[in-house]
Amino acid sequence: MKKLIPLSLLLCPVLALAAPVAKKDCAVKPPKGFTALFNGKDLTGWWGASTEDPRKWMALSPEEFKKKHDASVEDINQHWRVEKGELVNDGKGLYATTEKNFRDYELLIDYKTVAKADSGIYLKGVPQVQIWDWTKEGGKWKIGADKGSGGLWNNSPGAPGKDPRVRADKPFGQWNHFRIVQCGSRTWIWFNNRLVVENAILENYFGRRKPNAPPPAATEPISPIPPEGPIQLQTHGGEIRWKNIFIREIPAAEANKWLRGSDPKGFKPAFNGKDLKNWAGAVDCCDIKDKALVWKEKKGGTLFTKEQYTNFVARLEFKLPPGGNNGLAIRYSGQGNSAYEAMCELQVLDDNYEKVRGKIDPRQAHGSAYAMVPAARGYQRPIGEWNYQETTVNGPTIKVELNGTIILDCDLSKVTETMGNKPHPGKDRTSGHFGFAGHSDPVQFRNIFIKRLK
């Protein structure tokens, strides 16, 4: 995956759109901890984009992006204006798009629209939190308008979050209020102070396979939403007004709490934070510091639980040093190299490994089923911060969710090609130990919980 370039680096100095300025200076006072995305006067900090894969324009050179950015100004000025501190769109044209990208955040936004209008809020440049005419007269009950606004409408049919839990729209002419929290792809939405979406994955609209396309290869990586991206205000079909657009970037420690929540019933600690009495194997390769398991430098081997597991979910946090390398041993036999003798080794690897130590195969990247199936890249937090990961093993399938985004979802029974054509005799194991495959780097793990599945 090509590294995404933050807009703040592409635009130097930052370009402000020459949008009309309100006659009266309307002071915008964000709540404590928030910053204003709309200043109440003009479109400083915004540009124009449509429904388009943000990865494509993020991959442009600075010169190419500047041309695209500047070309959007004329359209934005034609269809957007500021009136009495309100950002108004006539229902046409490009969507107002923040020049800054965001990763984990809390967004507050108010809007007011008219009958027959259709709109939405794109998160990280991906559609969308739906806004529409929820009345029968609006003519869209057949596609879900009867359920109201606030759902992740572009998710797959039946997917969590596609439809809001309750209809909470206010009558036309009144202001509606959104509070949106997004950590990775995980999304929570409160609409007019009612929880309408809870902890749902925002699917990547741009990563869907085309109708009648052949099924993906077993080794094809999945395509989640980008790790970071802009907020977009989508508008079409009628006038919509926006105000009180505030954002708060969520730090890693808080994001991990959102993602973990309160560990549901069934999760049991696999590591007590004090000793390794319930572990076997390379017990002399680890230290315990501040309730974290810390791998010793220049020490290798596999540390594994005394208990064995068939189907399970493992939750943990990890922190990597630059170029750090470790792995999760899945259904390990207790003997031999876990990369081959276990069902698989799920890589725990610095996303910047190549800059530190050299080129790797895509099937060696973090979260990959080592040497068999590559994971999506770019979803780790910066070095020095704790990452949250959840791994689900069920039959021959493995799913890895890193910092709120699913980066691996594969069926190892369908893997027929491996890196270097080296055999993996443990690939079809149905049970075994859970553990860590150390590779001489001081990688840290903590808050390790495992839940057995039937």
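Across the range 331-355, the number of residues qualifying as of a type in the set (A, V, I, L, M) and touching a helix residue (DSSP H, G or I) at 6+ places or on another chain (Cβ under 8 Å) comes to 2.
Only a single criterion out of (1) surrounded by fewer than 19 Cβ atoms within 10 Å (Cβ to Cβ); (2) touching a residue at least 24 places away in the same chain (Cβ under 8 Å); (3) not β-branched (V, I, T) is not satisfied by K32, namely (2).
One line per residue, one yes/no per condition, for (1) without any contact (Cβ under 8 Å) to a residue 40 or more places away in the chain; (2) hydrophobic (A, V, I, L, M, F, W, C); (3) buried (at least 21 other Cβ atoms within 10 Å of the Cβ); (4) in contact with a Leu (Cβ under 8 Å, 6 or more places away or on another chain):
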position	(1), (2), (3), (4)
N256	no, no, yes, no
V283	yes, yes, no, yes
V313	no, yes, no, yes
K319	no, no, no, no
G324	no, no, yes, yes
G334	no, no, no, no
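Scan the range 95-116 and give yes if some residue there is surrounded by fewer than 21 Cβ atoms within 10 Å (Cβ to Cβ), at pLDDT below 95 and of a type outside the set (D, E, K, R), otherwise no. Looking through the range 95-116, at least one residue is surrounded by fewer than 21 Cβ atoms within 10 Å (Cβ to Cβ), at pLDDT below 95 and of a type outside the set (D, E, K, R). For the range 408-426, the candidate set comprises residues that are charged (D, E, K, R) and assigned to a loop (DSSP other than H, G, I, E, B); within that set, the residue that is nearest to the chain's Cα centre (by Cα) is E417. Consider the range 181-222 and keep the residues that are part of a loop (DSSP other than H, G, I, E, B) and among the hydroxyl-bearing types (S, T, Y). The one that is modelled with the highest pLDDT is S185.
Exactly one residue out of D146, D169 is over 14 Å from the mean Cα position of the chain (by Cα) and either hydroxyl-bearing (S, T, Y) or in a helix (DSSP H, G or I) (or both): that is D146. When the residues of the range 427-454 are filtered to those that are polar (S, T, N, Q) and part of a loop (DSSP other than H, G, I, E, B), which remaining residue is surrounded by the fewest Cβ atoms within 10 Å (Cβ to Cβ)? The qualifying residue surrounded by the fewest Cβ atoms within 10 Å (Cβ to Cβ) is T430. Those strands (runs of 3 or more DSSP E) of the range 41-131 in which 1 or more residues are more than 30 Å from R186 (Cβ to Cβ) occupy 80-83, 86-89. Put simply, of G151, G158 the only residue that is crowded, with 17+ Cβ neighbours inside 10 Å, closer than 25 Å to N199 by Cβ and among the small types (G, A, S) is G151.
The values are calculated or read from the model by the stated rules, or taken from the named source; none is laboratory data. Predicted model only: the values in this text are computed from it and were never measured. Neighbour counts are summed over all protein chains in view; Cβ atoms, including those assigned to glycine, are modelled from backbone coordinates with ideal geometry.
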